[in-house]
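The block underneath contains the structure these notes are about, expressed in structure tokens.
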């Protein structure tokens, strides 16, 4: 490999393209990759302040991004920080590569289904029930909001017209 270039597997980059990460998560992941895989190691000590300087993010954003990557099982905290020793982070390349393999095995429709959010899946009765509960809750909140504010003359007229129509039925 020529000087000034990094030797990273293509399937890792393909997997990264399929990750559902925030911008900060992606930036921190790139910084972790740069300081682990690019130096031919799978783990390294990386402090929040180092990741801040590497990405230009705030400390809070770095903490959230590390937590996000850990929840997605893309990285693993091998050892927590202790005194002046920063935490040790291991990058789980197999998890990233697995995402690529999973999508490439299925057809186009199955990959679109995996990208769809669970809340959009209408076949699931539990999800459907949650949607209905949420819809009812929003209706109640709207009704409460409307009852607590002063109505305009047009709204009062429309409301009285609705009440008259209901009485006729």
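Just a few scattered comments:
- Whichever residue in the range 55-79 is free of Cβ contacts under 8 Å to residues at least 24 places away in the same chain and in a helix (DSSP H, G or I) and, among such residues, is farthest from the chain's Cα centre (by Cα): 59
- Residues located in the range 51-75, provided they are under 21 Å from residue 15 (Cβ atoms) and exposed (fewer than 15 other Cβ atoms within 10 Å of the Cβ): 67, 70, 71, 73
- Residues in the range 41-50 that are in a loop (DSSP other than H, G, I, E, B) and either in contact (Cβ under 8 Å) with a residue 60 or more places away in the chain or crowded, with 16+ Cβ neighbours inside 10 Å (or both): 46 only.
- Residue check for residue 103: at pLDDT below 75 and either in the same structural domain as residue 33 (by TED's automatic domain parsing) or within 30 Å of residue 15 (Cβ to Cβ) (or both): yes
- Looking only at the range 8-19, and only at residues there that are under 20 Å from residue 55 (Cα atoms) and free of Cβ contacts under 8 Å to residues at least 60 places away in the same chain, the one that is surrounded by the most Cβ atoms within 10 Å (Cβ to Cβ): 8
- Residue within the range 3-13 that is modelled with pLDDT under 90 and either in contact with a strand residue (DSSP E or B) (Cβ under 8 Å, 6 or more places away or on another chain) or on the phi > 0 side of the Ramachandran plot (or both) present: yes
- Hey, residue 165 closer than 30 Å to residue 44 by Cβ, at pLDDT 70 or above and out of contact with any strand residue (DSSP E or B) (no Cβ under 7 Å at 6 or more places or on another chain) or not: no
The values are calculated or read from the model by the stated rules, or taken from the named source; none is laboratory data. Keep in mind that this is a model prediction, so the values were computed, not measured. Every residue, glycine as well, gets a Cβ built from its backbone with ideal geometry; the counts of neighbours run over all protein chains shown.
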